[in-house]
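Structure incoming, see below.
The values are calculated or read from the model by the stated rules, or taken from the named source; none is laboratory data. Worth saying up front: this structure is predicted, and the values here are computed from it rather than measured. Don't worry about glycine lacking a Cβ; one is built from the backbone with ideal geometry, like all the others, and counts go over all protein chains shown.
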Amino acid sequence: MIHPPKIMVMGIGNILLSDEGLGVRFLDELSKKSFPENVELLEGGTAGLELVHLVQEVDFLIIVDAINAKSEPGALFRFQPGELQVFPEKYEVSFHQVGIIEVLAMAKVLGHAPQTLIFGVQPKSLEWGMEISPEIQALFPQLTNLILQEIDSIQHKGKFTSNSTASSDSTAQ
């Protein structure tokens, strides 16, 4: 019997800095859906290298995080870690001290890094506060649909959906 691939959807961010916590807050929304047993939701928060052993246990990793692409608030980006060269050097992929890219690199060095897809959202506010901006909150239904499409593609085709190049969707504001 072939086992279904282990899939993790990880929300990353600091919930004390408004939109910087959007990945974690998004998981609250996503957790209202039901998923097969092989799909796990994980709040990565601002954990760094502590996440290495967790990502090594999965086949596919889908990350939701705030990214600083110097773009319009609410711009949505979809990319795989190997595609990061498409971002100019002035862009910060993560606001965290130890980013997920370093976690994935360490997992690879230690023997296994999962196939990874990142959904990044340009935040509106990084001020102290636990509330997500309404413009960013309004993206959650669209982001939910995108994540569900990816999970479906993995379950049925064993891979992420075919449009795996980095993209920005600023119309989702």
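Restricting attention to segment 34-77, report how many residues are under 16 Å from M106 (Cα atoms) and without any contact (Cβ under 8 Å) to a residue 24 or more places away in the chain.
Here the count works out to 3.
Can you say whether E57 is assigned to a helix (DSSP H, G or I), among the charged types (D, E, K, R), surrounded by fewer than 18 Cβ atoms within 10 Å (Cβ to Cβ) and modelled with pLDDT under 95, as far as the supplied structure shows?
Working: assigned to a helix (DSSP H, G or I): no; among the charged types (D, E, K, R): yes; surrounded by fewer than 18 Cβ atoms within 10 Å (Cβ to Cβ): yes; modelled with pLDDT under 95: yes.
No; evaluated as a whole, the condition is false for this residue.
Pick from segment 143-173 the residues that are at pLDDT below 80 and among the small types (G, A, S): which of them is farthest from V39 (Cα to Cα)?
Initially, segment 143-173 is screened for residues at pLDDT below 80, giving 162-173.
Restricting the remaining residues to those that are among the small types (G, A, S) gives 162, 164, 166-168, 170, 172.
On the way: S162: 20, S164: 21, A166: 24, S167: 25, S168: 26, S170: 29, A172: 26 Å.
So, considering only residues that are at pLDDT below 80 and among the small types (G, A, S), the one farthest from V39 (Cα to Cα) is S170.
From the set of residues in segment 123-149 that are within 24 Å of V55 (Cβ to Cβ) and touching a residue at least 40 places away in the same chain (Cβ under 8 Å), which is surrounded by the most Cβ atoms within 10 Å (Cβ to Cβ)?
The residue in question is P123.
Please enumerate the residues belonging to segment 1-43 that are surrounded by fewer than 17 Cβ atoms within 10 Å (Cβ to Cβ), of a type in the set (S, T, Y) and either touching a helix residue (DSSP H, G or I) at 6+ places or on another chain (Cβ under 6 Å) or within 20 Å of E131 (Cα to Cα) (or both).
Within segment 1-43, S31 is the sole residue that qualifies.
So, one more: If you go through segment 79-97 one residue at a time, do you hit one that is assigned to a loop (DSSP other than H, G, I, E, B), modelled with pLDDT of 80 or more and closer than 22 Å to S31 by Cβ? Show your work before the answer.
Kept after step one, since they are assigned to a loop (DSSP other than H, G, I, E, B), are these residues of segment 79-97: 80, 87-91, 93-97.
Restricting the remaining residues to those that are modelled with pLDDT of 80 or more gives 80.
Those left that are additionally closer than 22 Å to S31 by Cβ: none.
Checking segment 79-97: not a single residue is assigned to a loop (DSSP other than H, G, I, E, B), modelled with pLDDT of 80 or more and closer than 22 Å to S31 by Cβ.
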